[in-house]
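This report refers to the structure that appears directly beneath it.
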Amino acid sequence: MSFNTDNLRLEIDGPVASLLIDRADKRNAFNMMMWEAMPALLSEACESDAVRVLVIRSAKPGGAFCAGADISELLANKDDADWRARNQTAINRVQFELARLPLPTVAVVEGDCIGGGCGIALACDLRVASGAKARFGITPAKLGLVYPLHDVKLLTDLVGPGHAKRMLYTGMLLNAEEAKRIGLIEEITDTPEMLTNALLAASPHSIRETKEFVRRVLDGQSGDDADTLRIFGEAFTGADFLEGTTAFVEKRKPEFGQ
């Protein structure tokens, strides 16, 4: 099953939805049309009862993940205040919704992951570098621009303020080894499907609620409230708890539902 739009498409294969960036002639740089199309594709992934993981990657194997925003388009519209406001709104919406998507999300990076493309990866739950050409950088300082505050926080939450400032101030490009060393990515692997399979083997209920708990922590919550205590307590009466504990006792792999 697939859902197509210009330069972006969503392909659903059983429990895995793949959002493919398909603008190789521009190194997968995002234009306005792509930013505005992406929320609908994210919604499509969430609306499928079968989907349990969303993977974002280049449609071209080994190609750039995303070189960032389309600079030519930005330059052509630099004097159009309405266009600039619409573009900022579209980018902010994608980043906010992706960072809070109910599904677990994985960015698979095989080539350049720069600027706004790095922002997309930052908004995913996990980032994997696959292949020797993966590079990461945030380059607004080289263009006289400022990275959105939401995305600065995503970066700072991952790598800490020192490394965040180093990347943002200099626009330097990091190879996969350096990106992993500072915590920008979680894995370097030529078999990213192993991570996807590990997510599919876990309880979807546990992942969904834990993702929400992590987001609460990142947004500033430091203690339980009535809602988090309820979620914790009700898990012991859920179907996934019964299946997980039964499988543990029976020494077999659990078979969780949706």
**Report entry** Whole-number D in µm²/s for the range 203-249 (Stokes-Einstein; Kirkwood sum over Cα pairs; 25 °C, 0.890 mPa s)
**Finding:** 211 µm²/s
Query raised in the report: Tell me which lysines have Cα within less than 23 Å of Lys78's Cα, excluding those fewer than 8 residues away on the same chain?
Result: Lys26, Lys142
Query raised in the report: Sorted by average packing, counted as other Cβ atoms within 10 angstrom per residue and highest first, what order do 167-175, 30-38 take?
Result: 30-38, 167-175
**Report entry** Viscosity 1.002 mPa s, temperature 20 °C, Stokes-Einstein D of the range 143-258 from Kirkwood C-alpha radius, µm²/s
**Finding:** 122 µm²/s
**Report entry** Candidate aspartates and glutamates for bridging to Lys211, where Cα separation is under 14 Å - those fewer than 8 sequence places away on the same chain excluded
**Finding:** Glu97, Asp125, Asp219
Requested in this report: Enumerate the aspartates and glutamates that Lys253 could reach by cross-link, defined here as Cα to Cα under 13 Å, with residues fewer than 8 away along the same chain left out.
Outcome: Asp240, Glu243
Query raised in the report: Percent relative contact order of the chain, based on C-alpha pairs within less than 8 angstrom and at least six residues apart?
Result: 15 percent
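Place the peptides 65-73, 44-52 in order of packing, highest mean first, counting for every residue the other Cβ atoms within 10 Å and averaging per peptide.
On the way: 65-73: 21.7, 44-52: 15.6.
Descending packing order for the listed peptides: 65-73, 44-52.
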Report task. Per DSSP H run of at least 4 residues, take -39500 (n - 2.57); add these up for the chain, divide by its residues and hand me the 222 nm value, nearest 500 deg cm²/dmol. Result -> -14500 deg cm²/dmol
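Suppose the chain between Thr246 and Ala132 were pulled fully straight at 0.36 nm per residue; how much longer would it get relative to their current alpha carbon spacing? Let's see the in-between values first.
On the way: separation 114, 0.36 × 114 = 41.04 nm, distance 4.24 nm.
Length difference between fully extended and current span is 36.8 nm.
Laboratory data are not the source of any read-out in this text; all were calculated from the coordinates shown. This is a predicted model, so every value here is computed, not measured. Every residue, glycine among them, receives a Cβ derived from its backbone with ideal geometry; neighbour counts consider all protein chains shown.
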